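What follows is a single structure, written as structure tokens, with notes after it.
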Amino acid sequence: AQSVTQPDIHITVSEGASLELRCNYSYGATPYLFWYVQSPGQGLQLLLKYFSGDTLVQGIKGFEAEFKRSQSSFNLRKPSVHWSDAAEYFCAVGEIQGAQKLVFGQGTRLTINP
Amino acid sequence: DVKVTQSSRYLVKRTGEKVFLECVQDMDHENMFWYRQDPGLGLRLIYFSYDVKMKEKGDIPEGYSVSREKKERFSLILESASTNQTSMYLCASSPPPGSADTQYFGPGTRLTVL
């Protein structure tokens, strides 16, 4: 069965600093990969997704992620974080089984220091 | 714009009560999902449906049931609520596989069982 691991439960960075959130997955075939963000009290919003093609994926709000098959990773990056980026971030792997099931990681909570 | 709505943002119920959580999507999506979200565990799939009157168990279906009588509406039912069902419940919908799309989430219902 597929699984997703986000090794960092909580990360704190200073405003303006660069950010990298880690995601490792286990999946037998070519994965469909997603990053979602959840602001306090809100549902999940899609940041970006990888289905095929270019392994560097651009998303909304200045985020990008790189798919590395050899490392089974799909890390999320942003060159300069803003206070509004404080939220919880979820990595997910999808399988197309008639319902596009998603398996989520545990989430990484991001705190921004002013 | 894509929209998934959930009937309540906050709900407080007593142990043993029957609880209904409602979800409505306006995107004519075939697939609908119910997740629960707990700190440190990410999102876990309870049930999903890929068509009207069709349902499939997810990873943690025990203590829950679902109903999908109309395409746009997917209900989660707690037959006899227990305190360990206190959680955030998220509904999502998606188009069928092959659309290169993702799941769209509602804002969530925070359920407290006393």
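The values are calculated or read from the model by the stated rules, or taken from the named source; none is laboratory data. Predicted, not measured: the structure shown is a model, and the values here were computed from it. Here the Cβ positions follow ideal geometry from the backbone for every residue, glycine too, while neighbour counts run over all protein chains shown. Areas reflect the complete protein model, heavy atoms only, side chains present, ligands, DNA and RNA absent. Shrake-Rupley method; radii C 1.70, N 1.55, O 1.52, S 1.80 Å.
Values computed for the structure shown
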item: Cβ-Cβ FRET estimate between B:F20 and B:E56, R0 fixed at 22 Å, reported to 0.05; result: 0.65
item: The range B:10-78 and the range A:25-81: distance between their alpha carbon centers, rounded to Å; result: 26 Å
item: Potential lengthening between A:S52 and A:W83 on full extension [0.36 nm per residue; Cα-Cα distance subtracted]; result: 8.0 nm
item: Å³ per residue enclosed by the Cα convex hull of the range A:27-70; result: 88 Å³
item: Zone of B:L114's modelled label, taken as backbone nitrogen in the range B:59-94 under 19 Å from a point 7 Å along Cα→Cβ; result: B:80-88
item: Surface/4 of the Cα convex hull for the range B:64-113, nm²; result: 4.3 nm²
item: Summed residue charge, Cβ within 10 Å of B:D51's Cβ, Lys/Arg positive, Asp/Glu negative; result: +3
item: Charge tally in the Cβ shell below 11 Å around A:Q6, where Lys, Arg are +1 and Asp, Glu are -1, A:Q6 excluded; result: 0
item: Relative contact order computed over chain A (Cα-Cα under 8 Å; 6+ residues apart), in percent; result: 37 percent
item: Average projection area in nm² (convex hull over Cα atoms of the range B:1-64, one quarter of hull surface); result: 5.7 nm²
item: Cα-based radius of gyration of the protein assembly as shown once divided by 2.2 N^0.38 Å, which approximates compact folds; result: 1.01
item: Farthest toward positive dipole pole in the protein assembly as shown [+1 Lys/Arg, -1 Asp/Glu at C-beta], among A:C23, A:Q100, B:V52; result: B:V52
item: Protein-only accessible surface order, largest first, of A:E95, A:E64, B:E69 at 1.4 Å; result: B:E69, A:E64, A:E95
item: Shielding score for A:81-94, defined as the mean number of other chain Cβ atoms within 10 Å; result: 1
item: Diffusion coefficient, µm² s⁻¹, Stokes-Einstein with Kirkwood Rh over alpha-carbon pairs of the range A:15-111 at 20 °C and 1.002 mPa s; result: 156 µm²/s
item: The range B:1-112 - charge dipole about Cα centre, Lys and Arg +1 at Cβ, Asp and Glu -1, debye rounded to 20; result: 400 debye
item: D_trans [Stokes-Einstein, Kirkwood Rh over alpha-carbon pairs] for chain B, 20 °C, 1.002 mPa s, µm² s⁻¹; result: 153 µm²/s
item: Cβ-placed point charges (K, R +1; D, E -1), dipole of the protein assembly as shown about Cα centre in debye, nearest 20; result: 380 debye
item: Lys pairs, chain B - Cα-Cα below 23 angstrom, 8 or more residues apart or on other chains; result: 14
item: Accessible surface, 1.4 Å probe, highest first, among residues B:K18, A:K68; result: B:K18, A:K68
